[in-house]
Amino acid sequence: MKQASDKHWLRPEGALAFVAAPTVWALHFVAVYGLSGVACVPPGSGQQQAVAPGWLTPALALTTMAAVLAVALLGLRAHRSLERPAADAVGPHGPVDASVQARKRTMAWIAGATAVVAAIAIGLSGLAMLMLPACER
Amino acid sequence: MTARVEHRTADLATDGVAQQVARPHPRLDAAWANWKGIGALAAVNHSTVAVRTIVTGFAFLLAGGVLAMFIRLQLSWSGADVLDVRTYNRFVTMHGTTMMFLFAVPIAEGFAMYLLPKMLGARDLPLPRLSAYGYWCYLLGGLMLYAGLLTGQAPEQGWFMYAPLSDARFSPDKGADFWLLGVTFAEIAAVAGAIEIIVSVLKTRAPGMTLARMPLFAWYMLVTAFMILFAFPPLILGSLLLEIERSFGFAFYDATRGGDPLLWQHLFWLFGHPEVYIIFLPAAGLLSMIIPTFAQRPMAGYKWIVAAIVSVGFLSFGLWVHHMFAVGIPLMAAGFFSAASMAVSIPMGIQIFAWLATLWTGRPRLDIPMLYVVGFFFVFVLGGLTGVMVALVPFDWQVHDTHFVVAHLHYVLIGGLVFPLLAGAYYWLPQYAGRMPSKAVGAATFGLIFGGFNITFLPMHLTGLLGMPRRVYTYDPGLGWEWLNVVSTVGGFMLAAGFVAFAVDVALHLRHGMRAPPNPWRASSLEWALAAPVPSYNFASIPQVDSRVPLWDRPSLPEEIDRGVFYLAHRQTDARETLGTTLLDAKPEHVIILSRNSWWPLDTALVTGLFFLGMLLKLWWLAAAGAAATLACVLAWLWTTGDARQPARIDAGGGAVLPTQSACAQAPGWWAMVLALLADGAWFAALVFSYLYLWLGASEWPAAGSPAPWPWIALAQAALLGASSLAMRAACRANAAARDASGPLAAALVAALCATAWIAWQAAASGPSPIDHAYGSTFQTVTFFAVGHLALALVGGGFALARARHGWVRQDRPLDLQVAAVLWHYAVGLATVALALLHLFALA
C-alpha cells in the first residue's frame, strides 16, 4: 500500500519539495543575521563595534549568492518537472492514475511558486546589505 | 439515543426543501455516544471537545472584553479615576494575555478540531484523548491566570512580560509567576492541538483526497499547526528560564551577572510575531471555505493560495525583530527584518487578490456570513497597510509605543481573526444546530460590531500620531487627545454591545431558528454531506473523494455516504474506527481504532495542574509529586492503547483489507511522537540560541573562576549513549525478525542509564555554580535538559520492554517499540549536541 512517491520526499512533486526553497530562505536569513551579529560583537569582546570587519561583506555576498543559486535551481527543477507530465504518467509499478498525476503537478507548481517568493525575500535582504552600514546603530 | 436518532431522521420540510433523510445507525450511535451526567467529562469525541474549546474561548473573549471596557473608561478623559495605576496595568496585562493566549489561538484550534474531520471525511481526530487533555490544560491554565486576578495578584507587567521588570527584584509578588505558569500550562493545549491537527490532515483524509484536492482550510491549518510547533517552544523556554531565575536565582536576563534582558525580547517575539500569523491563517482558512460558497464557484488560484500559505508560514519567522527596532539593533540587522516584513506582504496580497478574484468571477450572494467577510476586507486591509508602514524602521521609530500601534494591531487581529470567526460561526451554525440564523438580528449585530470597531480604533491612529503613548493609565489635559479618546470609548461600548448581541443571537438561533435545509448555503465541501445536527460519528461510511469540490461534482454523495456505499460501513463492532490513508495521495492504508470515553485526559490534566500549582506556591514537594503523577498517568494512559485483542487486519470494505494502527509503520501514534519531538527540537534550539546569544555578548566565556569543561569525559559519555542507540536499533531489528527483543532492549537501558547518571553526577559535582553567572546558569540548564530527555527515553524504553513482556510488542505489532526507538534516538542525539555545546564549543 505504501506509495513509491512517499519515499522521495524531496522530488519536485514530493512531500517536502514545496518547503525546500523557503527553507533555503530561512537558512540564509539565520546565516546573514548570525554573521552580522558575530562581526559587530566579536566573541570575547562583549562590546558592540562601530565598524564591521573586512571579512563581513564577502561573507554576506557569498552566502547570498549561494542562497539565490540554490533557490534558482529548485525553481528550475520544479519548472522542468511541470514540462514533462507524460514521462511520469507511467510509474515504476505501472500506470499512475490521474489523481496522482494531478497531485504531482500541483505540488511541483507550488514548489516553483515558493521558490519565486523565496528568491524575492532573499533579494530584499540583499538590498539591505547593499544599502545599510553593518554595525552602525 | 432513540429520540436523537428519530430527530435526525425526521423529514423536516422547510422553505419547500426537504431536510436530508438520514438512516438510523444504532451501532455507530452506541459506539460514539458520550457518557451521561458527570461521565460527560470523560468525553473525547472531537465535536464535543471542540465545542467546549470554542465556548470556553468565547467566554474568555467576553472576560477580556470586560477588562477592555474598564481600560476605555479610564482613558476616556484626562485624569479619569476609574482605575488606579496598578489596577489599570493589571487589566491591560490580563486583557492582552486573555485575547492572545486564551481566546485567539484556542478558538482557532477549536474551529479546526470541529471542522477538520468533517471536511476530510474522518469520523474523529486520530488522537482524541490528546485533544481532550489539551482542552483541560487550556481551561485549568486560563483559570489559574484568572485566579491571580481574582486574588489581587494579577500580573501587571504587560502581556509581553519584559525582563527585567518581570524579574524577582522589580516584581517580587506572584503576578509574574501567575502569568509565566498559567500561560505555559495553557500552551500545552496549543501544542497538543497542533500535533492532533497535523496528524489529522496528513493521515486521515478520505480516500482519493490527495494533497491537491484537500480543502484550503486544511492547508491553512496544516501550516498553522507546524508554525505552532516551532513558535511556541521559544516562549515556553523563555518563560521557563524566567521562572527559574525568579524561583532559584539563576542568571539569564540579569545583566549584572552576565545575562541579558534583550534575550527575553528575542525569545518572546520569536513566538510573538509568528503568533500574529498563527492567529490569522486559520481565519483565512475559514474565509477560503466561505467565499467560494457564496460566490458559487471554486476558489480562484488554489495553487497560488497554497504557495502563499507556505510562504507566510516561513517568512513570518523572519519578522520578530520588527517589534524591537527601538532597542538599538544595528541598522543592517534591522534592515533584514524590515525586508522580511515587506516580503511577507507578497503572499498576503496573493490571498487577498485570490479572494477578490473568486468574488469577481462568481455570482456572490450577500448573506450574514458575507457581511463579516466584507467587514474583514475593509478592516484587515487597513491593518495590513499600517503594518507595511510600521515595517519601515524610521516610521516605526516615530510611532513606536504609541496608540498608532494599538490601532494597527487591533485592525490586524480583530480584522484578521474576529470578523472571519464570526463569519464562520454564522456559516457553520446551521450545520451544528440544524437551524438558520435570523437575517435581521444578524445584520443588526454586524452593524454594531463593524461600526463599534471602527469608531473605537480608527481615531487611535490619530491619537498615536499626536503622540499619545501606550500603556499609560492617564494623560495631561490640553494635548488634543481628549475628544479622540471619548470617541474611542463610545465606539468600544458599541463594540461590546455587538458581542452581547451576537451571544443573544446565537442563543436565539439555537432555540428558535428556522429549521435548516440540507446544505443551506449550497457549499461544496464534505462537511455539508452530513446530517444536521451532525451525528457523533460524522460519516456512516468513509467516502471516496474524486474532486476538490465533491458535493458540486457528485450531488448524490450525502445519500451514498449514509447508505454505506463506502469504507467501514458494515463493521459489526463496538469499536470506534476511522480510516488512515497515505500522506500524499490518500490511499487507504490502515484502520485506526480510536479511544472511547476516557477519564485519563482529565486525570492527567488535574495532576499536571498540581505541578504548576506547586511551582506557583513554591511548594517543591507538590510540584515534584505533580510531575511524578503526570508521568504515571501518561504511562497508564499509554498502556491502554493498541488493544492486543483486536485483529491485526480488518476488512474495511471495497476490497480493502487493512492493518490496524498497531501493525502499521506510519500509525498516528508514531506521527504524534515525531511531531512532539519536532516541537521539542525547537525548544532545545531556543535553548542553544540562548546559550549562544549570551556567549556572544559576554566578555569572557566560561566565566572567570568557573571550572574548565571536560571534553574527553564528554566524548566517553557520548560514546556510551551511542552504544545504547545501537542496542536499541538491534532490538527493533530483532522484533522485525520475530526474535525476542528483550535482550538488546535491556542492554540499551543499562548503557543509557549509566551514561545519564554519569552526566548528571559530573555536572552536579564538578560543574559551575548556576547562581553566580549566566555561564553556570546555562551550563546547568542545558545539562538538566539533556538528562531530563534521557530519563524520559529510559522510561519510554522501559515501557516498551514491559509491553514486549506482556506480548503487546510482536513482529506484527511493532508500533510501541518503534515509538520508543524514535524517542530514544532523539534523546541520545540531543544529549550529544548538548555535550558538544558545553564541552567542545565552549573550549574552542
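The values are calculated or read from the model by the stated rules, or taken from the named source; none is laboratory data. Just so it is clear, the model here is predicted, and its values are computed rather than measured. With ideal geometry, Cβ positions are generated from the backbone for all residues, glycine too; neighbour counts draw on all protein chains shown. For accessibility, only protein heavy atoms count, side chains too; no ligands or nucleic acids. Shrake-Rupley method; radii C 1.70, N 1.55, O 1.52, S 1.80 Å.
The requirement of being polar (S, T, N, Q), facing chain A (nearest Cβ under 8 Å) and closer than 21 Å to residue A:26 by Cβ is not satisfied by residue B:345. Checking each residue of segment B:566-589 against the condition of being more than 23 Å from residue B:133 (Cβ to Cβ), more than 14 Å from chain A (Cβ to nearest Cβ) and either among the aliphatic types (A, V, I, L, M) or assigned to a helix (DSSP H, G or I) (or both) gives at least one match.
Here residue B:166 meets the list (1) open to solvent by less than 10 Å² (accessible area, probe 1.4 Å); (2) in a helix (DSSP H, G or I) almost entirely, failing just condition (2).
Please enumerate the residues belonging to segment A:10-51 that are closer than 30 Å to residue B:210 by Cα, within 8 Å of chain B (Cβ to nearest Cβ) and out of contact with any Asp or Glu (no Cβ under 9 Å at 6 or more places or on another chain). Scanning segment A:10-51 gives A:18, A:19, A:22, A:23, A:25, A:26.
Please verify whether segment B:793-806 includes one or more residues that are within 29 Å of residue B:239 (Cβ to Cβ), in contact with a Phe, Trp or Tyr (Cβ under 6 Å, 6 or more places away or on another chain), assigned to a helix (DSSP H, G or I) and modelled with pLDDT under 95. No. Note on segment B:196-221: among residues that are in a loop (DSSP other than H, G, I, E, B) and within 21 Å of residue B:673 (Cβ to Cβ), the one that is farthest from the other protein chains (Cβ to nearest Cβ) is B:204.
Residue-by-condition table, conditions (1) within 30 Å of residue B:260 (Cβ to Cβ); (2) at the interface with chain A (Cβ under 7 Å from one of its Cβ atoms); (3) modelled with pLDDT of 95 or more; (4) open to solvent by 10 Å² or more (accessible area, probe 1.4 Å):
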{"site": "B:278", "(1), (2), (3), (4)": "yes, no, yes, no"}
{"site": "B:282", "(1), (2), (3), (4)": "no, no, yes, no"}
{"site": "B:287", "(1), (2), (3), (4)": "no, no, yes, no"}
{"site": "B:294", "(1), (2), (3), (4)": "no, no, yes, no"}
{"site": "B:298", "(1), (2), (3), (4)": "no, no, yes, yes"}
{"site": "B:303", "(1), (2), (3), (4)": "no, yes, yes, yes"}
{"site": "B:307", "(1), (2), (3), (4)": "no, yes, yes, no"}
{"site": "B:323", "(1), (2), (3), (4)": "yes, no, no, yes"}
{"site": "B:337", "(1), (2), (3), (4)": "yes, no, no, no"}
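Mind listing whichever residues of segment B:696-713 are more than 14 Å from chain A (Cβ to nearest Cβ) and within 30 Å of residue B:262 (Cβ to Cβ)?
Across segment B:696-713, the qualifying residues are B:705, B:706, B:707, B:708, B:709.
The condition (being in contact (Cβ under 8 Å) with a residue 12 or more places away in the chain and either closer than 16 Å to residue B:103 by Cβ or open to solvent by 40 Å² or more (accessible area, probe 1.4 Å) (or both)) is satisfied by just one residue among B:85, B:55, B:49: B:85. Beta carbons closer than 8 Å, at least 6 apart along the sequence or on distinct chains, never pair a first residue in segment A:9-29 that is open to solvent by 30 Å² or more (accessible area, probe 1.4 Å) with a second that is among the acidic types (Asp, Glu).
In the set (1) of a type outside the set (Phe, Trp, Tyr); (2) in a loop (DSSP other than H, G, I, E, B); (3) under 20 Å from residue B:615 (Cα atoms), residue B:148 fails one condition alone, (2).
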